[in-house]
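Undergrad: Please read through the structure below; I'll follow up with questions.
The values are calculated or read from the model by the stated rules, or taken from the named source; none is laboratory data. This is a predicted model, so every value here is computed, not measured. Here the Cβ is made from the backbone with ideal geometry for all residues, glycine too, and neighbour counts use every protein chain on show. Accessible surface areas use protein heavy atoms only, side chains included; no ligands, DNA or RNA. Shrake-Rupley method; radii C 1.70, N 1.55, O 1.52, S 1.80 Å.
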Amino acid sequence: MVVPHHPSGARLARHRLAAVLADEVPPPLLADLVAVLAELVGNAVRHADPLPGGVVRVAWRLRPEGDGQHVRIRVTDGGATGPPRMRAAGLDAADGRGLHIVAGLASRWGVDRDGLGQSVWADFDPAGVTRADLVTAG
């Protein structure tokens, strides 16, 4: 789907994802997917250029794996001057936590760049195993 390169784009994307996947994934995973999608679209609007037409492209894919669904979320924008990066945010900082949230909820995330822009993606493995789970279990 495409959403406007505007703060309202994150809300539109969240509502659509929740409506489409409500019967496909468990509620805790859906909550994580919605939170990560909101962060990725918000970052695209704040830090990157739009795609032609003033939009951001949002996609997700479900793939059966083991006892559950593997989900990949991808947000594509027109690119920025530099790749997305995690920043240190002070306790009083108004921003700077978005990719930390993505890294904490997703199993892994990354960035693909091409001549048209960049796509930031986040993978969610079955059973809701996140990087944060792996760190605390190890």
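Undergrad: Looking at the range 83-114 only, could you name the residues that are over 18 Å from the mean Cα position of the chain (by Cα) and at pLDDT 80 or above?
TA: Passing the criteria: only Asp114.
Undergrad: Would you confirm, using the coordinates I've provided, whether Ala38 is open to solvent by 20 Å² or more (accessible area, probe 1.4 Å), within 19 Å of Trp121 (Cβ to Cβ) and small (Gly, Ala, Ser)?
TA: On the way: open to solvent by 20 Å² or more (accessible area, probe 1.4 Å): yes; within 19 Å of Trp121 (Cβ to Cβ): yes; small (Gly, Ala, Ser): yes.
Against the criterion (open to solvent by 20 Å² or more (accessible area, probe 1.4 Å), within 19 Å of Trp121 (Cβ to Cβ) and small (Gly, Ala, Ser)), Ala38 qualifies.
Undergrad: In the range 15-24, is there at least one residue being open to solvent by less than 80 Å² (accessible area, probe 1.4 Å), out of contact with any helix residue (DSSP H, G or I) (no Cβ under 9 Å at 6 or more places or on another chain) and assigned to a loop (DSSP other than H, G, I, E, B)?
TA: We begin by selecting, within the range 15-24, every residue open to solvent by less than 80 Å² (accessible area, probe 1.4 Å); these are 17-22.
From what's left, out of contact with any helix residue (DSSP H, G or I) (no Cβ under 9 Å at 6 or more places or on another chain): 19-20.
Then keep just the ones that are assigned to a loop (DSSP other than H, G, I, E, B); that gives none.
Looking through the range 15-24, none of the residues is open to solvent by less than 80 Å² (accessible area, probe 1.4 Å), out of contact with any helix residue (DSSP H, G or I) (no Cβ under 9 Å at 6 or more places or on another chain) and assigned to a loop (DSSP other than H, G, I, E, B).
Undergrad: Follow-up question, since we're still on this one. How many residues, within the range 46-79, are within 16 Å of Gln118 (Cα to Cα), open to solvent by 30 Å² or more (accessible area, probe 1.4 Å) and modelled with pLDDT under 95?
TA: Residues that pass the stated criteria total 2.
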